[in-house]
Amino acid sequence: MGTRRRLPPVSSGSAAESGLRREAGLPLVAATRYVTPLREGGSLPAVMEADDLGTYVVKFRGAGQGPKALVAEVISAALARGCGLPVPDLVAVELDLALAPGEPDQEIQDLLRASAGLNLGVDFLPGALDFDAARPVVDGALAGRILWFDALVSNADRSWRNPNMLLWHEVLYLIDHGATLTFQHRWETAAAARTRPYDAAEHALIGCRPLVDEADRELAGLVTADLVEAAVAAVPDAWLLPEPGFGSPEDLRLAYVAELLGRLEARPAWLPGLREAAARGLEGRQPTRRDRPSFLRGTGGSTP
């Protein structure tokens, strides 16, 4: 399978500079062929080809997690890039209903029919290796930046059991951010999430001696209002509404910006917990499996 890009990007935004049609802040492509499902996750993402000759892992708006997972993916990926953390390029994928009847699997047919219109495509990284959290080899500076970023966006899904990181051309890529921005699942209590501690005890990199304070000094100044506004503006309107209590996509975008900037300003409330977790390292890891958040149950895997 061919991809748009064979080598890691020299700088972020390479897809955005490719001259493709655009939907909000994302390049827009049309799906041309369903290649194979990725059955590691309950949301059933799939490898698909598109009219730009690219190959993508497509996440469907009609999946159980719904469009909010796509919103979280787009915003968090943009913030990660702004923090200098590699993530695969994203595109908006236009899905035609005509692709559904060609699939023999009824579950896939139903998912494609429920996902007509815009979906999310994640650049397929051929030959990428799953990160081995049992034997993590990540320096403390990078581990600290990733841990700090995950705390900022409240990532509920980068544990040692499900690290959601890939090694590609010796570069560590962060993937699967649909479980971030948990405040969006209950807007009436969203403000309370700004100061909520981040549970890092089972984070995939907690045993790598993450340098939390160094990360805070390096990254906090990079997460500017302009960066957050651009990240939120990249989300297509079609994934934002309807949302109870909000009359327009712009109203909802302002709410996302306010919560993220509020989370950033509330660092004194959650940084101490990160420091303590980093100091404890693997000693804080829980021996038994805990339930994943309700909006993630039945999902998993480490594909983009």
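Going by the structure shown, is Gly221 loosely packed, with under 13 Cβ neighbours inside 10 Å and free of Cβ contacts under 8 Å to residues at least 12 places away in the same chain?
Working: loosely packed, with under 13 Cβ neighbours inside 10 Å: yes; free of Cβ contacts under 8 Å to residues at least 12 places away in the same chain: yes.
Judged against the criteria, Gly221 is a match.
In summary, Ala238 fulfils each of the numbered conditions (1) among the aliphatic types (A, V, I, L, M); (2) surrounded by fewer than 19 Cβ atoms within 10 Å (Cβ to Cβ); (3) at pLDDT 95 or above with the single exception of condition (3).
For Gly178, the criteria (1) buried (at least 24 other Cβ atoms within 10 Å of the Cβ); (2) in contact with a Cys (Cβ under 7 Å, 6 or more places away or on another chain) hold in every case but one, which is (2). Taking the numbered list (1) in a helix (DSSP H, G or I); (2) over 22 Å from Asp216 (Cβ atoms) in turn, Glu229 passes all entries but (2). Collect the residues in the stretch 156-166 that are at pLDDT below 95 and among the aliphatic types (A, V, I, L, M), keeping them in residue-number order. Within the stretch 156-166, just Ala156 meets the criteria. Scanning the stretch 124-148 for residues that are part of a helix (DSSP H, G or I) and touching a strand residue (DSSP E or B) at 6+ places or on another chain (Cβ under 8 Å) gives Leu142, Ile146, Leu147.
The values are calculated or read from the model by the stated rules, or taken from the named source; none is laboratory data. In this text the structure is predicted, and so the values were computed from the model without any measurement. Quick reminder, even Gly has a Cβ in these numbers, built from the backbone with ideal geometry, and neighbours come from all protein chains shown.
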